[in-house]
Amino acid sequence: MATEAHSWAAPEVRKPLVPWTFQRRAVGPHDVSIKVAYCGVCHSDVHQVRDEWGKGIFPMVPGHEIVGHVTAVGDKVTGFKVGDTAGVGCMVDSCGECIQCKRGVEQYCQKGASFTYNSTEQDKQTPTYGGYSDHVVVTENFVVHVPKNLDLCAAAPLLCAGVTTYSPLRYWGVKKGSRVGVVGLGGLGHMAVKLASAMGAVVTVFTTSESKKAAAKDLGAHHVVISKDPAEMKQAAGTLDVIIDTVGSSHDLQPYLNTLDVDGKLALVGMPETNHPPFDAKRMISMRQCVGGSNIAGMPETQELLNFCGEHNITATVEKINIDQINEAYERMLKSDVKYRFVIDIASLKQ
């Protein structure tokens, strides 16, 4: 039997979020139902409710950093039981049959993954609704276990900000002694610093703000470079192996490419509204460098990230809000007025 879900939704493009009730599907044989405790607020939530990426489906219930407790499971579910602490990230399904799904990178599903909101189920017709709601129903393969030692509120952003930065760090082979740069110190950037530091890397943060130097060091950075200072950027030239660029707007990559050593890699994880300016291909060729991109993480790697965070006691640095503060939170995010991620206490829905 379908169940009534209470949420906050954007009724139309660029309209403030308001309370909204809708129907969640009945729990099927392979489904897990989760009572949502907390849901992180991602910058992509703002992009999508404003339809800045196009093809928005309204009303839209955002939220893809979901943690809570299992309240029901289908009779074919084997990995979860009622009472388990569980999470749901950026995807809720995929075809499960293509080469990408079979190798555990469902975010690159050749038939198109079903994202947690502003997307459709695999029937390509039924809209998906996210975690700014009291419960979710998700197929077992897209639910992950959250280590019990982690603070649940602060763990929520691991489902997007965490996996988005962990995946390229793993892909590019970051290990003890690697020299890692992080561009930007927001929701994604602060997680990149924490994770790279826990991997044993020597971490350099690039920021335009002198005031963020102390905060970067507190998060685990070993060095901080003011990127608008030519002297500091020149001193950093050729010193890094991997850069995680978390900035979600178009910007010049060349100054950061200049800080890479031979065989250096720059991984883009911030989604820009327009393309970045061209960079120096000749220098890249002469230094055997690479510019690449990375999109969230597949389900095996998402669970791996959570296990890693459990082992190292890593969570996001968050500001907890009530659901009725969400529109104000969006405005504050646009001003970078948050350290470093808002998380909604979904219990406030009852108020």
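The values are calculated or read from the model by the stated rules, or taken from the named source; none is laboratory data. Note that the coordinates shown come from a computational prediction; the quantities given were computed from them, not determined experimentally. Every residue, glycine as well, gets a Cβ built from its backbone with ideal geometry; the counts of neighbours run over all protein chains shown. The accessibility values were calculated without ligands, DNA or RNA, using every heavy atom of the protein model including side chains. Shrake-Rupley method; radii C 1.70, N 1.55, O 1.52, S 1.80 Å.
Quick notes on this structure:
- Counting residues in segment 122-135 that are charged (D, E, K, R), touching a residue at least 40 places away in the same chain (Cβ under 8 Å) and over 22 Å from Gly293 (Cβ atoms) gives one or more.
- Residue count for segment 205-221 satisfying the condition of being free of Cβ contacts under 8 Å to residues at least 40 places away in the same chain and in contact with a Gly (Cβ under 8 Å, 6 or more places away or on another chain): 2.
- Residue check: Asp252 meets all listed conditions (1) acidic (Asp, Glu); (2) out of contact with any His (no Cβ under 8 Å at 6 or more places or on another chain); (3) surrounded by fewer than 20 Cβ atoms within 10 Å (Cβ to Cβ) but one, namely (2).
- Filtered residues of segment 104-121 (kept if without any contact (Cβ under 8 Å) to a residue 60 or more places away in the chain and farther than 20 Å from Ala10 by Cα): Cys109, Gln110, Lys111, Gly112, Ala113
- Restricting attention to segment 7-18, the residues being in contact (Cβ under 8 Å) with a residue 40 or more places away in the chain and either surrounded by fewer than 21 Cβ atoms within 10 Å (Cβ to Cβ) or aromatic (Phe, Trp, Tyr) (or both) number 5.
- Residue ranges of helices (runs of 4 or more DSSP H) in segment 109-212 with at least 1 members out of contact with any Phe, Trp or Tyr (no Cβ under 8 Å at 6 or more places or on another chain), closer than 24 Å to Glu232 by Cβ and open to solvent by 10 Å² or more (accessible area, probe 1.4 Å): 187-198
- Tabulated pairs, segment 222-251, first farther than 20 Å from Lys175 by Cα, second hydrophobic (A, V, I, L, M, F, W, C) and at pLDDT below 95, C-beta under 6 angstrom, 6+ apart or interchain: Gly248/Met271
- Answer residue from segment 146-170, given it is touching a Leu at 6+ places or on another chain (Cβ under 7 Å) and not small (Gly, Ala, Ser) and is nearest to His190 (Cα to Cα) among those: Thr165
- Applying the criterion of at least 2 residues that are at pLDDT 95 or above and outside the structural domain of Leu188 (by the TED database) to the helices (runs of 4 or more DSSP H) found wholly in segment 280-351 leaves 299-312, 326-334.
- Counting the residues of segment 301-337 that are without any contact (Cβ under 8 Å) to a residue 24 or more places away in the chain and either open to solvent by less than 30 Å² (accessible area, probe 1.4 Å) or closer than 19 Å to Leu17 by Cα (or both) gives 5.
- Taking segment 278-312 as the range and being of a type in the set (D, E, K, R) and farther than 23 Å from Tyr256 by Cβ as the test, the residues that pass are Glu301, Glu304, Glu311.
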